[in-house]
Amino acid sequence: MNRKLLSLAVFAAVIFCAQSAIDVEIENKNVDRTIDLASQLVKISYKITLEHKTKKPNSSYLFIVPNDERERLAFVSAKDSSKKDLKLTETASPKGATFSMSLPAGSANPVVYIETVFTKSLKPHPTAISQTDRQLVQYFGSVYFYSPFKTVTQKTTVHLSSRNVESFTQFKPAVHSDTTITYGPYDNIAAFSMEPLTIHFENYTPFMTVTKLERVIEVSHWGNIAVEETIDIVHSGAALKGSFSRYDYQKDSRSNQACVKSYKTLLPAAATGVYYRDTNGNISTSAMRVLKDSVELDLRPRFPLFGGWKTHYTLGYNVPSFEYLFQTGDNYLLKMRVLDHIFDDMVVDEVITKIILPEGSTNIKLIAPYTVTRHADSLHYTYLDTFGRPVIAFSKKNVVENHISDFNLKYNFSRVMMLQEPLLVVGFLWVLFVMVIIWMRLDFSIIKEKEHLHKD
C-alpha cells in the first residue's frame, strides 16, 4: 500500500514538473491593468501581451484569482485581439481559482483582454456615519498583477469616484492626479508576486444591494406574457449613526449625500401596464418615460435610503408574447432575460427566476446563459386549471449587470390544449342550462294532492 502511495506521489511530482516546464516558456510581455473604483463595484480589466520564449505559439493561458477574492468575484470574461470570446474553464488550486483559456492559433505573441467584476470589495471606513458626514471607503488589492508567469513590464491605473483621497499606498512610482492613481511601470516581476495596495477615498455612489429578487414570468398562448418582480433592497454603505432628522435632510443642499433618493430601472421597450407598489399599496412617487429601446422608470421609495435601511416592493408589467415566444408546429421556444436592469452598477445577492408555462406543456428543456442552480419543478393552479401549470425555477447568486442575458426555454404544447378552457366554460354553461331546464320542468307543488283530499 505504501509503495502504491509512493508511486502516485512520484507520478504527480513528475506531472507537476512537466507542467512547470511548460509554464516557464510563457511570459507576460506587457500588462496594462485598469482598476475602476468609481461605483460600488470593483471592475478590473487587463490587456495582456504574451510572449513564448521559444517563439512557438502556445495553445492555452492561465489566469488566477487569489482565494481571498474568489467569493467576491461575480463575473469574468476573456477575449482575443479580434474581440472574440475565449472559453474559460475554472479549476481550483492552492494559489486560487484558476481560469484556463484557449488561445487563437497562429500567433506567437497573442494579446488577451480579461475583464473581472467584484462585489462587496469596497469597505465603508468608518462603518457608521452621521446624517451629514462624508462616506469613505477602503479598497484592498495588490500593486502587482497576480500571475503564475513572469511579467516583463506592467502598469496599473486606478480610477476613483472622487478626487478626495484620504490615503493610498505609496509604492514608487505612484502618481495621484485628480481622480486617477497610476502605479508603475514595474519591470521583471516574478510569478505569484504580490504587493499590498490600500486606497482610502470618498465615494458617494449608491451602495445598494438587492438581497433577494424573485422574478415570475407567466406565459400565455393568448398573446401576453406577465412579468412580476418582488425585490428586497438594503443600503449597504456606511450605517446611519444616530437618529434621522427630516429637517436636516430637507435643508441639506449637497449634491453628494450618503443616501439614495431615487434610481432608474429599465424595462423592455414593449412593456405595458407597469405597476409599482409595496405593502402599503401603490407608490405614486415614481415616473415612467418611454424611450426608443426601453421603458425607463424613475423609482422613488417612500423614504430616502440611508446606510442599513431597507425597502421592499413589487414591480410588474406585461409584454406581447410574439416578441419572446417562437413556434414551429407544437415546438415552442421562450427567449427572455434572466433579470432586468434594476439600477446602475447593481449588486444582486440572489435572483430566483420562475417561469409558469401553459397547462399541458411537456418536454421542457432549460438552456441558461451561464451556470445556474436548477430547482425542482412544481405546479401552479389558477382559474379553469385542471391538473396545474408547470413551473420551472432556477437561481443565481452574486449577480451583476453583466449577467443580463437571455435564457432559452424549449417545450412542446399541443394547440388542441388551447381549446381546453373555452370548452370548460361551454361545458359548464351547458350543464347549467340543462339543470335549469330540468328544474323548470319538474313540478314540486302539492296543490293537486290537497284538492283530491278535499273532494274525498
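The values are calculated or read from the model by the stated rules, or taken from the named source; none is laboratory data. Because the structure is predicted, anything quoted here is derived from the model rather than measured. Neighbour counts are summed over all protein chains in view; Cβ atoms, including those assigned to glycine, are modelled from backbone coordinates with ideal geometry. Ligands, DNA and RNA are excluded from the accessible area calculation, which covers all protein heavy atoms including side chains. Shrake-Rupley method; radii C 1.70, N 1.55, O 1.52, S 1.80 Å.
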Out of Val152, Val137, which single residue is under 22 Å from Lys47 (Cα atoms), touching a residue at least 60 places away in the same chain (Cβ under 8 Å) and either among the polar types (S, T, N, Q) or in contact with a strand residue (DSSP E or B) (Cβ under 6 Å, 6 or more places away or on another chain) (or both)? Val152
Quick one: count up the residues across the stretch 65-89 that are part of a loop (DSSP other than H, G, I, E, B) and farther than 30 Å from Arg163 by Cα. 7
So for the stretch 29-46 (the condition being open to solvent by 50 Å² or more (accessible area, probe 1.4 Å), polar (S, T, N, Q) and either modelled with pLDDT under 95 or touching a helix residue (DSSP H, G or I) at 6+ places or on another chain (Cβ under 7 Å) (or both)), does at least one residue qualify? no
Just need a number here: residues in the stretch 91-121 that are closer than 30 Å to Asp344 by Cβ, open to solvent by 80 Å² or more (accessible area, probe 1.4 Å) and part of a strand (DSSP E or B). 1
Determine which single condition Met194 fails, assuming it passes every other condition in (1) open to solvent by 70 Å² or more (accessible area, probe 1.4 Å); (2) in a strand (DSSP E or B). (2)
Subset of the stretch 310-351 [hydrophobic (A, V, I, L, M, F, W, C), in a strand (DSSP E or B) and surrounded by fewer than 18 Cβ atoms within 10 Å (Cβ to Cβ)]: Phe326, Leu333
Hey, could you check the stretch 53-64 for residues that are open to solvent by 20 Å² or more (accessible area, probe 1.4 Å) and assigned to a strand (DSSP E or B) and say which is modelled with the highest pLDDT? Leu62
If we ask which residues in the stretch 365-397 are at positive phi and either acidic (Asp, Glu) or open to solvent by less than 30 Å² (accessible area, probe 1.4 Å) (or both), their number turns out to be 1
In the stretch 180-201, which residues are within 28 Å of the chain's Cα centre (by Cα) and either polar (S, T, N, Q) or at pLDDT below 95 (or both)? Thr198
Identify the residue in the stretch 124-172 that is in a loop (DSSP other than H, G, I, E, B) and among the hydrophobic types (A, V, I, L, M, F, W, C) and, among all such residues, is most open to solvent (accessible area, probe 1.4 Å). Phe171
Restricting the first residue to the stretch 388-409 and requiring it to be touching a residue at least 60 places away in the same chain (Cβ under 8 Å), which pairs with a second residue that is among the polar types (S, T, N, Q) meet a Cβ separation below 7 Å and a spacing of at least six or different chains? Asn398/Thr119; Val400/Thr119
Hey, Leu88 hits all of (1) aliphatic (A, V, I, L, M); (2) surrounded by fewer than 17 Cβ atoms within 10 Å (Cβ to Cβ); (3) touching a residue at least 60 places away in the same chain (Cβ under 8 Å) but one; which does it fall short on? (3)
Go over the candidates Ser286, Ser294 one by one and state the one that is farther than 30 Å from Gln131 by Cβ, modelled with pLDDT under 95 and touching a strand residue (DSSP E or B) at 6+ places or on another chain (Cβ under 6 Å). Ser294
Here the qualifying pairs (Cβ atoms under 7 Å; residues six or more apart or on different chains; first in the stretch 199-219 and closer than 20 Å to Leu305 by Cβ and hydroxyl-bearing (Ser, Thr, Tyr); second assigned to a strand (DSSP E or B) and open to solvent by 10 Å² or more (accessible area, probe 1.4 Å)) come out as Thr209/Val234; Thr209/Asp349; Thr211/Asp232; Thr211/Val234; Thr211/Asp349
